[in-house]
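Working notes, beginning with the structure itself.
The values are calculated or read from the model by the stated rules, or taken from the named source; none is laboratory data. Quick caveat: nothing in here was measured; it's all calculated off a predicted structure. Using ideal geometry, Cβ is built from the backbone for each residue, glycine included, and neighbour counts are taken over all protein chains shown.
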Amino acid sequence: MSEPVQTPQTQTAAFPARIFSGIQPSGGLTLGNYLGALKRFVEKQEEGIETIYCLVDMHAITVWQEPEKLRQQTREGAAAFIAAGIDPARSILFNQSQVSAHAELAWIFNCVARMGWMGRMTQWKDKTAGKNAEAASLGLFAYPALMAADILAYKATHVPVGEDQKQHLELTRDIATKFNNDYGVNFFPITEPVIEGAATRVMSLRDGSKKMSKSDPSDQSRINLTDTADAIAAKIRKAKTDPEPLPETLEALKERPEARNLVNIYAGLSGRTAADVLGEFAGAQFGTFKPALAELAVSVLAPITTEMNRLMADPAEIDRILSAGADRAEAIARPIVDEVYEIVGMVRPRR
Ligand code: TYM
């Protein structure tokens, strides 16, 4: 059923560098979102590349969201971006549903992508595992086509994400390649995933084999960006570990997922490598390492939480920032999507 995809040539060099990434406002943000995404979004902004960041509210509704909560979480997500260091004057910050180009291009991509590609996505498989896949929304199945549209509506060349999004980005490359081949154009770049740093996969504090996630039923499994300093310290103190002291080498952490996770979190928060952290803490028991980690986590996260709370006191200002961002996003995406309509053969006399 699925057609073979030609190996994508790296054509990205032909396109000006542009960063796009998104976060779902489907719950409060976690330390995983911060280390795997937000912190690195800020680094990209500081590198002086054009950066476009989006709260993907249309992705969020692929599973049920209470309307008022979704609105609140979208504003809270925007506050988190700004509190973490995204400057809305330098980066474009907006929510997806305000720029219709995303939904429009997603439809075109629904017609480019193959059912077989979507069915192979591990996120789809995980989200429907043990449940009735027939009862999942059609949007959840098509989710990666909307994600490709988010990225390619801007011809973004680089997408910083955590490791869990790698497969979706490969699919984005497949969609761009098939579109370019089918229509005989070199229109879309073959986007590069940017998965860097010590904490590209932050794991649950209760189970080192599971990703830290806003959808985990146990609040003890994650650190939320809205947690108080006391809550952060308590969660780290109670985090699952093993009885051994920290080793000297990364190799020795291979079979110790919980210990490795805490070391990676320390590295991510301090901007150091995991090897460097082990250099400092080799031989230390968790009784020593955990308080040091809690202190570091609070020192990094408390100012962000305080700033988020300050911003959330003025939701109208957040809405104003998101609207201004949407106007700038629209100005880039509209002509690109209009050109797509032209390429695929739509009659558009009004334009
Ligand atoms: P989402 O909302 O699940 O997560 C947002 C970002 O946070 C990263 N992340 C993590 N990184 C490390 N450790 C973790 N435990 C962890 N949990 C989450 C994710 O990898 C992601 O970078 N489909 C995307 C949203 C999206 C998007 C896009 C991303 C929609 N369109 C276009 C990039 C480009 C998602 O659900 O992310």
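Report those helices (runs of 4 or more DSSP H) wholly inside segment 89-161 carrying at least 2 residues which are of a type in the set (S, T, N, Q) and touching a residue at least 40 places away in the same chain (Cβ under 8 Å).
122-128
Might you let me know whether segment 176-193 holds any residue that is surrounded by fewer than 17 Cβ atoms within 10 Å (Cβ to Cβ), closer than 27 Å to Arg18 by Cβ and in contact with a strand residue (DSSP E or B) (Cβ under 8 Å, 6 or more places away or on another chain)?
Yes, there is a match, as at least one residue in segment 176-193 is surrounded by fewer than 17 Cβ atoms within 10 Å (Cβ to Cβ), closer than 27 Å to Arg18 by Cβ and in contact with a strand residue (DSSP E or B) (Cβ under 8 Å, 6 or more places away or on another chain).
Which residues, counting only those in segment 341-351, are modelled with pLDDT of 95 or more and touching a helix residue (DSSP H, G or I) at 6+ places or on another chain (Cβ under 6 Å)?
Residue satisfying the conditions is Ile343 alone.
For Ala142, which of the numbered conditions (1) over 28 Å from Leu31 (Cβ atoms); (2) touching a strand residue (DSSP E or B) at 6+ places or on another chain (Cβ under 9 Å) fails to hold?
Of everything listed in (1) over 28 Å from Leu31 (Cβ atoms); (2) touching a strand residue (DSSP E or B) at 6+ places or on another chain (Cβ under 9 Å), Ala142 misses just condition (2).
Given the criteria among the acidic types (Asp, Glu), over 20 Å from Cys111 (Cα atoms) and within 11 Å of the ligand (Cβ to nearest atom), does Asp164 qualify?
yes
Across segment 38-51, what is the number of residues that are in contact with a helix residue (DSSP H, G or I) (Cβ under 9 Å, 6 or more places away or on another chain) and of a type in the set (Gly, Ala, Ser)?
0
Can you confirm whether Asp164 is among the charged types (D, E, K, R) and touching a helix residue (DSSP H, G or I) at 6+ places or on another chain (Cβ under 7 Å)?
No.
Look through Asp276, Asp327, Asp338 and report the one residue that is charged (D, E, K, R), part of a helix (DSSP H, G or I), without any contact (Cβ under 8 Å) to a residue 60 or more places away in the chain and not assigned by TED's automatic domain parsing to the domain that holds Leu55.
Going through Asp276, Asp327, Asp338 in turn, just one is charged (D, E, K, R), part of a helix (DSSP H, G or I), without any contact (Cβ under 8 Å) to a residue 60 or more places away in the chain and not assigned by TED's automatic domain parsing to the domain that holds Leu55: Asp276.
Working only within segment 24-62, note down all residues that are in a strand (DSSP E or B), within 15 Å of Ala329 (Cβ to Cβ) and of a type outside the set (Asp, Glu).
Thr51, Ile52, Tyr53, Cys54, Leu55, listed by residue number.
Farther than 30 Å from Ala113 by Cα and loosely packed, with under 15 Cβ neighbours inside 10 Å, is that true of Arg256?
No, not satisfied.
Taking only pairs six or more apart or across chains, which ones have beta-carbon atoms under 7 Å, a first residue in segment 174-201 that is on the phi > 0 side of the Ramachandran plot and within 16 Å of the ligand (Cβ to nearest atom), and a second residue that is modelled with pLDDT of 95 or more and among the charged types (D, E, K, R)?
Here the result reads Gly197/Arg40, each pair linking segment 174-201 to a residue that is modelled with pLDDT of 95 or more and among the charged types (D, E, K, R).
Contact list please: Cβ distance under 8 Å, first residue in segment 12-37 and within 6 Å of the ligand (Cβ to nearest atom), second residue part of a loop (DSSP other than H, G, I, E, B) and polar (S, T, N, Q), pairs at least six apart or on different chains.
Close Cβ pairs satisfying both conditions: Gly32/Ser213; Gly36/Thr200.
When Pro247 is evaluated against the numbered criteria (1) assigned to a loop (DSSP other than H, G, I, E, B); (2) under 30 Å from Val185 (Cβ atoms), which criterion, by number, is the only one it fails?
With respect to (1) assigned to a loop (DSSP other than H, G, I, E, B); (2) under 30 Å from Val185 (Cβ atoms), Pro247 is out only on (2).
For segment 214-244, what are the residues that are surrounded by 15 or more Cβ atoms within 10 Å (Cβ to Cβ), in a loop (DSSP other than H, G, I, E, B) and without any contact (Cβ under 8 Å) to a residue 24 or more places away in the chain?
Selection gives Asp216 alone.
Among the residues that make up segment 78-85, is at least one of them closer than 26 Å to Leu35 by Cβ, assigned to a loop (DSSP other than H, G, I, E, B) and at pLDDT 95 or above?
Within segment 78-85, one or more residues are closer than 26 Å to Leu35 by Cβ, assigned to a loop (DSSP other than H, G, I, E, B) and at pLDDT 95 or above.
Quick check on segment 292-306. Is at least one of its residues over 19 Å from Thr30 (Cβ atoms) and touching a helix residue (DSSP H, G or I) at 6+ places or on another chain (Cβ under 7 Å)?
No, every residue in segment 292-306 fails to be over 19 Å from Thr30 (Cβ atoms) and touching a helix residue (DSSP H, G or I) at 6+ places or on another chain (Cβ under 7 Å).
Of everything in segment 202-213 that's surrounded by fewer than 18 Cβ atoms within 10 Å (Cβ to Cβ) and either within 26 Å of Ile61 (Cβ to Cβ) or within 14 Å of the chain's Cα centre (by Cα) (or both), which residue is farthest from the ligand (Cβ to nearest atom)?
Result: Lys210.
Mind listing whichever residues of segment 219-257 are within 14 Å of the ligand (Cβ to nearest atom) and farther than 18 Å from Leu296 by Cα?
Listed by number, the residues that qualify are Ser221, Pro257.
Please enumerate the residues belonging to segment 46-67 that are more than 11 Å from the ligand (Cβ to nearest atom) and crowded, with 17+ Cβ neighbours inside 10 Å.
Glu50, Thr51, Ile61, Gln65
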